[in-house]
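The values are calculated or read from the model by the stated rules, or taken from the named source; none is laboratory data. None of the values given here were measured: they were computed from a predicted structure. Every residue, glycine as well, gets a Cβ built from its backbone with ideal geometry; the counts of neighbours run over all protein chains shown.
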Amino acid sequence: MILLLGIFYYFYFSVVGIYIIFLPKVLSGVGYSASEIGIIFAAAPLIRFILPFLFMRGLQLNSKIFNGSLVLVAVSAFSFYLSLEHFYFLLLSNIGLGVGLSLILPYVELISLDSIGKERYGKVRLFGSLGFIIVALVLVKFLSSAYVALNFLFVLTLIMTAVAYFVQSTAVAKESQSQENYQNDIHLLRDYKLWLGLLLMQMSFGSFYNFFTIYETDRGISLDMTIYLWSFGVIVEVAMLYFQGRFLRANLLSVLQITIFATIIRWFLIFAYPTNLSVLFFAQSLHALSFALFHSAAISYLFANYRHKSLAQQFFSGITYGLGGLLGALLAGFIYEYYAQQLFLSSSLIAFMAFAMISWYKQEKERGVKERLF
């Protein structure tokens with residue numbers, strides 16, 4: 001199972017790498033404006049945010065839904081060929097791909113955490129980072145037209161769906177079956193500081209995920225060098241995923257605070273020194289904290305904090321990568337079109353608000369523990 005999960009993460013994040021690094025640049029080259037790119041990349045996260053609320057009403061993330069999502073991503077990846085130059089059809093293709101991917105990952109994450117544990121999770125998840133970096137380094141050498149990127153996207157999506165099917169088939173069925181017996185114990189309003197902090201953290205990535213390639217190449221950094229910056233960030237991410245087990249034994253809320261603070265610094269450095277390669281590489285080194293360790297600490301905390309573990313993972317995906325991705329993409333598109341110089345300054349401020357929310361939540365949790373003890 002460990003090997004199969006590693007292969008899945010490799011191809012899943014290869015697809016994500018194409019989607020994040022190259023598609024915005026492809027759409028820009030085809031003639032889409034920054035605001036249109038923002039809308040296209042915001043639509044799928046909106047649907048992703050809505051999905052967990054459907055599961056609260058009785059829908060179950062089971063093998064049938066999972067296999068349906070595999071078909072959806074394959075069909076959506078193919079539809080990019082037909083919709084590339086048609087805004088509304090492209091919007092639908094992007095929504096289909098986003099919805100399918102958002103159902104696939106929480107299901108597999110639950111299998112991973114339940115079968116191998118949080119301390120070994122990083123050593124399996126790092127294969128996803130390798131897939132992300134390798135596809136970036138390879139595709140940049142062959143990206144002679146938009147359809148080259150679409151060819152990579154389609155082929156890797158087909159491989160990913162096949163591997164995901166074998167993961168689901170091989171997994172012991174107890175994961176989702178046992179989790180769904182729990183009543184919903186996730187109260188978004190009660191824990192709003194936690195969820196708002198996670199949301200704001202992902203919102204701050206809107207500038208990076210959707211416009212970093214465009215932002216740097218517009219300022220004179222070559223596409224090859226921009227890909228090297230992406231790749232370096234993933235290299236340090238892989239290192240963190242391999243060694244992070246010891247950090248996840250600590251107070252997970254403290255870990256979240258540290259990783260968010262590093263993200264504040266990271267975005268500010270990109271804003272202040274957009275063409276200084278030494279500073280940019282240092283900022284990318286913080287990806288080890290702001291993505292790798294943050295993601296593992298967040299899903300581990302939710303896994304431990306809530307009994308309904310599958311729904312907790314869906315809400316994490318929906319609220320952070322869904323609503324956070326939606327708002328981050330829309331805001332980044334607007335800011336880059338009208339206030340391009342301030343793009344990453346805005347991200348730094350959003351990350352600061354995330355830090356404040358998580359710190360406030362942590363204080364309340366610690367105060368509650370003290371009151372129960374005394």
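Which ranges mark the helices (runs of 4 or more DSSP H) fully within segment 1-60 that have 2 or more residues being closer than 19 Å to Val138 by Cβ? Don't jump to the end; show me each part of the working.
Values: elements: 2-17, 23-30, 34-56.
The helices (runs of 4 or more DSSP H) meeting that bar are 2-17, 23-30.
List the number of the failed condition for Ile111; all other conditions in (1) over 30 Å from Phe232 (Cβ atoms); (2) modelled with pLDDT under 90; (3) more than 20 Å from the chain's Cα centre (by Cα) hold.
Going through (1) over 30 Å from Phe232 (Cβ atoms); (2) modelled with pLDDT under 90; (3) more than 20 Å from the chain's Cα centre (by Cα) one by one, Ile111 breaks only (3).
Determine whether Arg48 is surrounded by fewer than 19 Cβ atoms within 10 Å (Cβ to Cβ) and modelled with pLDDT under 80.
no
Exactly one condition in (1) free of Cβ contacts under 8 Å to residues at least 12 places away in the same chain; (2) buried (at least 19 other Cβ atoms within 10 Å of the Cβ) is false for Tyr339; which is it?
Tyr339 satisfies every listed condition except (2).
Look at Gly100 and say whether it is within 17 Å of Ile18 (Cα to Cα) and under 21 Å from the mean Cα position of the chain (by Cα).
Here the answer is yes, as Gly100 does meet what is asked.
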